[in-house]
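Participant: Submitted below is the structure of interest, expressed as structure tokens.
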Amino acid sequence: MKPRFEFVDSEIEQIKKNHLYRKLRYGITDGSTITIQGKKLVNLCSNDYLGIPTTRLKIKQMQSSSRLVSGNDESYLTLEKKLARHKAQQASLIYPTGYMANLGAIPAIAKKGDLILSDELNHASIIESCKLSGAKISIYKHNDMKDLKQKLRQKSKNKFVITEGIFSMDGDFSNLKEITEIARKTDAITILDDAHGDFVVGKDGKGTGNYFGVSKKIDVYISSLSKGLGSFGGYIASHQNVIDLNVNKSKSFIYTSALPSILIEYSLRRFESKREKQRKKLQENVKLLSAGLREIGYTINSRTHIIPIIIGKEKTAMDFGKYLFQNWVHAQPIRYPTVPKDQARIRLSVTAWLSCKDIENSLKIFDKAYKKFM
Ligand SMILES: Cc1ncc(COP(=O)(O)O)c(C=O)c1O
């Protein structure tokens, strides 16, 4: 008899052969550092961009039910009102994660007979959510407005354009000003996933829509509380009826337990904290790291806190990551299918946790790595 999981074994074998094997590593994160296997490294892989100091909260009952049953703690109302105002929208709705916000909201709004225009570099959670909606999906070339316009000519009932604000693996901004203009002219709804721009860019950290001065032209915002805010959860913000429709239809909202209220209270504390100071420190760190990398010779196109160093071959990226690890820097290589084949990269994310010394020390290692790998 052949082994029961032979097909799994051979798939794993294939993944390893292509240098695409992923393995969980356990670590302890603490501000600017992560300790892995007893080794304390500078953490250049954290999405806790603002590095807001942690606060202590009293633990209450962790769980009751889903939000429509008995899990709708009053703290949700306070945070949702604040998030709606933060996005200049009528209302907002919190989901357990940003991934679940996409999974729930996109299929609740778009359906069979509709057309979704999606940027080719959109995040996996957007891609899966679009598939789930049953709408026709048309992928336009990354940030290519000519391609977007052309693809919007297709006939359909409702049209949607969906893009990230700051692309998670490239760190570049979407052409939001043009996208919102094109969408308005063609009667398409603009959906913005601003997981990486929210709380970080724009006035008071209002996000990418605000940064480009088009806040009011975004029809639906989807975002995460687990990145810039450094808490946990996801949310959408839009017109009241869009929110109502999601309460009534959105499966990843209805059929799951509510986030514990302690997490909502944690988000509230962080929302109300001195985020401006943290944003300033983050921008200083971004400048310091990107200028240092450019000086070494790396090609850095990003202007944001997500800085990819494009390596190309998966194996080289893995070796590069290993070298950094050996030298006390944690910067995870990113490979296919997260990014296209042969576009493997070291994705650096800058946080306000990092001190100038952390960055200077890391740059010394990147200098040596440049000579070795580039
Ligand atoms: C663009 C984008 N959308 C959504 C998500 C999911 O957010 P969360 O981590 O809150 O599930 C991510 C996570 O990395 C992301 O990069």
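The values are calculated or read from the model by the stated rules, or taken from the named source; none is laboratory data. Predicted model only: the values in this text are computed from it and were never measured. FYI the Cβ positions are ideal-geometry reconstructions off the backbone, even for glycines, and counts take in every protein chain you see. The accessibility values were calculated without ligands, DNA or RNA, using every heavy atom of the protein model including side chains. Shrake-Rupley method; radii C 1.70, N 1.55, O 1.52, S 1.80 Å.
Participant: Residue check, LYS112 against (1) in contact with a Ser or Thr (Cβ under 9 Å, 6 or more places away or on another chain); (2) closer than 22 Å to SER231 by Cα, all met but one. Which one?
Facilitator: It is condition (2) that LYS112 fails.
Participant: I'd like to check something: does the stretch 303-320 contain any residue that is free of Cβ contacts under 8 Å to residues at least 12 places away in the same chain and of a type outside the set (Asp, Glu)?
Facilitator: No, there is no match, as no residue in the stretch 303-320 is free of Cβ contacts under 8 Å to residues at least 12 places away in the same chain and of a type outside the set (Asp, Glu).
Participant: Across the stretch 119-166, which residue is nearest to MET100 (Cα to Cα) among those that are within 16 Å of the ligand (Cβ to nearest atom) and assigned to a loop (DSSP other than H, G, I, E, B)?
Facilitator: Of everything passing the filter in the stretch 119-166, HIS123 is nearest to MET100 (Cα to Cα).
Participant: Please go through (1) over 30 Å from ARG25 (Cα atoms); (2) surrounded by 13 or more Cβ atoms within 10 Å (Cβ to Cβ); (3) hydrophobic (A, V, I, L, M, F, W, C) for LEU44 and return the number of the only condition it doesn't satisfy.
Facilitator: (1)
Participant: If you check LEU282, LEU229, which single one turns out to be modelled with pLDDT of 95 or more, hydrophobic (A, V, I, L, M, F, W, C), more than 16 Å from the ligand (Cβ to nearest atom) and crowded, with 18+ Cβ neighbours inside 10 Å?
Facilitator: Values: LEU229 fails: more than 16 Å from the ligand (Cβ to nearest atom).
Among LEU282, LEU229, only LEU282 is modelled with pLDDT of 95 or more, hydrophobic (A, V, I, L, M, F, W, C), more than 16 Å from the ligand (Cβ to nearest atom) and crowded, with 18+ Cβ neighbours inside 10 Å.
Participant: Restricting to the stretch 5-41, and then to whatever is within 12 Å of HIS330 (Cβ to Cβ) and among the small types (Gly, Ala, Ser), can you tell me which residue is surrounded by the fewest Cβ atoms within 10 Å (Cβ to Cβ)?
Facilitator: Applying the filter and picking the extreme gives GLY27.
Participant: For the stretch 1-49, enumerate the residues that are at positive phi and touching a Gly at 6+ places or on another chain (Cβ under 8 Å).
Facilitator: Within the stretch 1-49, just GLY31 meets the criteria.
Participant: Considering only the stretch 67-102, how many residues are under 22 Å from SER125 (Cα atoms) and assigned to a strand (DSSP E or B)?
Facilitator: 4
Participant: Would you confirm, using the coordinates I've provided, whether VAL350 is farther than 30 Å from MET62 by Cα, over 21 Å from the mean Cα position of the chain (by Cα), of a type in the set (Val, Ile, Thr) and surrounded by 23 or more Cβ atoms within 10 Å (Cβ to Cβ)? Even if it seems obvious, please write down each step before you answer.
Facilitator: On the way: farther than 30 Å from MET62 by Cα: yes; over 21 Å from the mean Cα position of the chain (by Cα): no; of a type in the set (Val, Ile, Thr): yes; surrounded by 23 or more Cβ atoms within 10 Å (Cβ to Cβ): yes.
No.
Participant: Working carefully through the options SER261, SER250, SER238, SER215, find the one that is over 19 Å from GLY202 (Cβ atoms), surrounded by 18 or more Cβ atoms within 10 Å (Cβ to Cβ), more than 14 Å from the ligand (Cβ to nearest atom) and under 21 Å from the mean Cα position of the chain (by Cα). Even if it seems obvious, please write down each step before you answer.
Facilitator: Values: SER261 fails: under 21 Å from the mean Cα position of the chain (by Cα); SER238 fails: over 19 Å from GLY202 (Cβ atoms); SER215 fails: over 19 Å from GLY202 (Cβ atoms).
So the residue among SER261, SER250, SER238, SER215 that is over 19 Å from GLY202 (Cβ atoms), surrounded by 18 or more Cβ atoms within 10 Å (Cβ to Cβ), more than 14 Å from the ligand (Cβ to nearest atom) and under 21 Å from the mean Cα position of the chain (by Cα) is SER250.
Participant: Can you confirm whether SER224 is within 21 Å of ARG270 (Cα to Cα) and open to solvent by 10 Å² or more (accessible area, probe 1.4 Å)? Lay out the reasoning, then the answer.
Facilitator: Details: within 21 Å of ARG270 (Cα to Cα): yes; open to solvent by 10 Å² or more (accessible area, probe 1.4 Å): no.
No.
Participant: Could I ask something else about it? Any idea which residue in the stretch 192-209 is nearest to the ligand (Cβ to nearest atom), counting only those that are surrounded by 24 or more Cβ atoms within 10 Å (Cβ to Cβ) and in a helix (DSSP H, G or I)? Walk me through it before giving the result.
Facilitator: Pass one, the stretch 192-209, residues surrounded by 24 or more Cβ atoms within 10 Å (Cβ to Cβ): 192-201, 207-209.
Now narrow it down to the ones that are in a helix (DSSP H, G or I): 208-209.
Values: THR208: 11, GLY209: 14 Å.
Filtering the stretch 192-209 for residues that are surrounded by 24 or more Cβ atoms within 10 Å (Cβ to Cβ) and in a helix (DSSP H, G or I), the one nearest to the ligand (Cβ to nearest atom) comes out as THR208.
Participant: Has the stretch 185-194 got any residue that is without any contact (Cβ under 8 Å) to a residue 24 or more places away in the chain and within 28 Å of ASP244 (Cα to Cα)? Working first, answer last.
Facilitator: Within the stretch 185-194, the subset without any contact (Cβ under 8 Å) to a residue 24 or more places away in the chain is 185.
When the remaining residues are screened for being within 28 Å of ASP244 (Cα to Cα), the result is 185.
Within the stretch 185-194, one or more residues are without any contact (Cβ under 8 Å) to a residue 24 or more places away in the chain and within 28 Å of ASP244 (Cα to Cα).
Participant: May I pose another question? How many of the residues making up the stretch 300-314 are under 18 Å from ASP342 (Cβ atoms) and among the hydrophobic types (A, V, I, L, M, F, W, C)? Before you say what the answer is, go through the steps one by one.
Facilitator: Narrowing the stretch 300-314 to residues under 18 Å from ASP342 (Cβ atoms): 301, 308-314.
Then drop every residue that is not among the hydrophobic types (A, V, I, L, M, F, W, C), which leaves 309-311.
Total satisfying the criteria: 3.
Participant: What number of residues in the stretch 331-357 are of a type in the set (A, V, I, L, M), in a loop (DSSP other than H, G, I, E, B) and over 20 Å from ASN43 (Cβ atoms)?
Facilitator: Matching residues across the stretch 331-357 total 1.
Participant: Can you confirm whether ASP172 is within 16 Å of the ligand (Cβ to nearest atom) and in contact (Cβ under 8 Å) with a residue 12 or more places away in the chain?
Facilitator: Numbers: within 16 Å of the ligand (Cβ to nearest atom): yes; in contact (Cβ under 8 Å) with a residue 12 or more places away in the chain: yes.
For ASP172, the condition - within 16 Å of the ligand (Cβ to nearest atom) and in contact (Cβ under 8 Å) with a residue 12 or more places away in the chain - is met.
Participant: Out of the stretch 125-143, which residues are among the β-branched types (Val, Ile, Thr) and either touching a Phe, Trp or Tyr at 6+ places or on another chain (Cβ under 8 Å) or open to solvent by less than 10 Å² (accessible area, probe 1.4 Å) (or both)?
Facilitator: Residues of the stretch 125-143 that are among the β-branched types (Val, Ile, Thr), as a first pass: 126-127, 137, 139.
ILE126 - this is the single residue of the stretch 125-143 that is among the β-branched types (Val, Ile, Thr) and either touching a Phe, Trp or Tyr at 6+ places or on another chain (Cβ under 8 Å) or open to solvent by less than 10 Å² (accessible area, probe 1.4 Å) (or both).
Participant: On the basis of being of a type in the set (Asp, Glu) and surrounded by 15 or more Cβ atoms within 10 Å (Cβ to Cβ), does ASP342 make the cut?
Facilitator: Working: of a type in the set (Asp, Glu): yes; surrounded by 15 or more Cβ atoms within 10 Å (Cβ to Cβ): no.
Considered against the rule, which asks whether it is of a type in the set (Asp, Glu) and surrounded by 15 or more Cβ atoms within 10 Å (Cβ to Cβ), ASP342 comes out as no.
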